[in-house]
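Notes follow once the structure below has been shown.
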Amino acid sequence: MFEFDQYLGFLAFLTILTIGFWLMIFLLTFVIPYWIIGANLENFKLRREAKRKEKELV
């Protein structure tokens, strides 16, 4: 059926595929939402500070 080097290549392929799968799951469930929420909070703080400075000038 398989020779030993083909078996090792198949295992390497499965390992790379599994690592890629879990990396995508990690990125989609943690990293990207964290990035989006952090950017939105930063923009909200900057807008709030700009409004506060505008009120101080008036």
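Observations
- The trypsin sites (Lys or Arg not before Pro) of the chain include none that DSSP puts in a loop with a beta carbon having at most 13 other beta carbons within 10 Å.
- Per-residue 3J(HN,Hα) values for the range 34-46, derived from phi via the Karplus relation 6.51 cos²θ - 1.76 cosθ + 1.60 with θ = phi - 60°, read 4, 5, 5, 5, x, 5, 5, 5, 5, 4, 4, 5, 5 Hz in sequence order (x marks Gly and Pro).
- At 1.002 mPa s and 20 °C, Stokes D of the chain from Kirkwood alpha-carbon radius, µm² per second: 138
- A simple charge model with +1 on the Cβ of Lys and Arg, -1 on the Cβ of Asp and Glu and nothing else charged puts the dipole of the chain at about 800 debye relative to its Cα centre.
- For the chain, the longest principal axis of the alpha carbon atoms and the long axis of helix 4-26 meet at an angle near 20°.
- Loop-located chymotrypsin sites (Phe, Trp or Tyr not before Pro) in the chain (DSSP state not H, G, I, E or B) with no more than 12 neighbouring Cβ atoms inside 10 Å: PHE2.
Coordinate-derived values only; no laboratory data. Computed from a predicted structure; not experimentally measured. Cβ atoms come from the backbone with ideal geometry, glycine included; neighbour counts cover every protein chain shown.
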